[in-house]
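Asker: Mind looking over this structure? Questions follow.
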Amino acid sequence: MSIDISKHPLIKQAHEVCQAIEKCGASTELTDAVTKASALMQGIANAMALLDKWQQESSTWQSVAEKQLAIAIEAEKRIAEQREVMRSAANDIAYAIFNLTGSDLTRLRPGVVETTDPTDTALIAERSLRAAAGISVKGE
């Protein structure tokens, strides 16, 4: 298997060790040392290739996470906008009910969710909008 020694300084350094051992001459011991140094160099190259792969995967996952965060931020922005629409609608309903009947949410008993009275029905709608918008309602 061919090794690109320019990939990492550790691989280059291991290659230099192999070359230095080979310059020492010929003997069984030196041949064994070069073989072991070459195996070490191959192990370093394999480890660096695996590290590169993990870094690429990590970069991919980071990109996915950044996209998900952007989507979540946009969703939160839209939720906040919808809450503002619901708050405004609840205020409009409260204003209309008060001007038409003089009533407000204090008239509606806690827990009432159904009625045949039109004013109470409108008050239930107001209360529901306030609850959906996250606005606390006194007495609830």
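The values are calculated or read from the model by the stated rules, or taken from the named source; none is laboratory data. Small disclaimer: the values here were computed from a predicted structure and weren't measured. Heads up, the Cβs are rebuilt from the backbone with ideal geometry, glycines too, and the neighbour counts pull from every protein chain shown. The protein model used for the area step is the full one, side chains on, heavy atoms only, and it has no ligands, DNA or RNA in it. Shrake-Rupley method; radii C 1.70, N 1.55, O 1.52, S 1.80 Å.
Asker: How many of the residues making up the stretch 6-47 are without any contact (Cβ under 8 Å) to a residue 12 or more places away in the chain and in contact with a helix residue (DSSP H, G or I) (Cβ under 8 Å, 6 or more places away or on another chain)? Don't jump to the end; show me each part of the working.
Answerer: Kept after step one, since they are without any contact (Cβ under 8 Å) to a residue 12 or more places away in the chain, are these residues of the stretch 6-47: 6, 9, 12-13, 16, 19-20, 23-32, 35-36, 39, 43, 46-47.
Keeping just the survivors that are in contact with a helix residue (DSSP H, G or I) (Cβ under 8 Å, 6 or more places away or on another chain) gives 6, 24, 30.
Looking only at that region, the number is 3.
Asker: Kindly indicate whether T31 is modelled with pLDDT under 90 and more than 30 Å from A131 (Cβ to Cβ). Write out each step before concluding.
Answerer: Values: modelled with pLDDT under 90: yes; more than 30 Å from A131 (Cβ to Cβ): yes.
Yes, satisfied.
Asker: May I ask you to list the residues in the stretch 1-38 that are within 24 Å of A49 (Cα to Cα) and hydroxyl-bearing (S, T, Y)?
Answerer: Residues satisfying the conditions are S2, S6, T35, S38.
Asker: A follow-up question, please. Of the residues A70, A131, which is small (G, A, S) and modelled with pLDDT of 95 or more? Write out each step before concluding.
Answerer: Working: A131 fails: modelled with pLDDT of 95 or more.
Just a single option satisfies the conditions, and that option is A70.
Asker: Next question, about the same structure. Here's a check for you: in the stretch 115-133, which residue that is under 15 Å from F98 (Cβ atoms) and of a type in the set (D, E) is least open to solvent (accessible area, probe 1.4 Å)?
Answerer: Applying the filter and picking the extreme gives E126.
Asker: Shifting gears a bit: So is S59 under 30 Å from K7 (Cβ atoms), under 25 Å from the mean Cα position of the chain (by Cα) and open to solvent by less than 50 Å² (accessible area, probe 1.4 Å) or not? Break it down into steps so the answer makes sense when it comes.
Answerer: Details: under 30 Å from K7 (Cβ atoms): yes; under 25 Å from the mean Cα position of the chain (by Cα): yes; open to solvent by less than 50 Å² (accessible area, probe 1.4 Å): no.
No, not satisfied.
Asker: When residues of the stretch 91-111 are filtered for being part of a loop (DSSP other than H, G, I, E, B) and open to solvent by 30 Å² or more (accessible area, probe 1.4 Å), how many remain? Before you say what the answer is, go through the steps one by one.
Answerer: Step one: list which residues in the stretch 91-111 are part of a loop (DSSP other than H, G, I, E, B), which gives 102-104, 108-111.
Next, only the ones that are open to solvent by 30 Å² or more (accessible area, probe 1.4 Å) stay: 102, 104, 109-111.
Here the count works out to 5.
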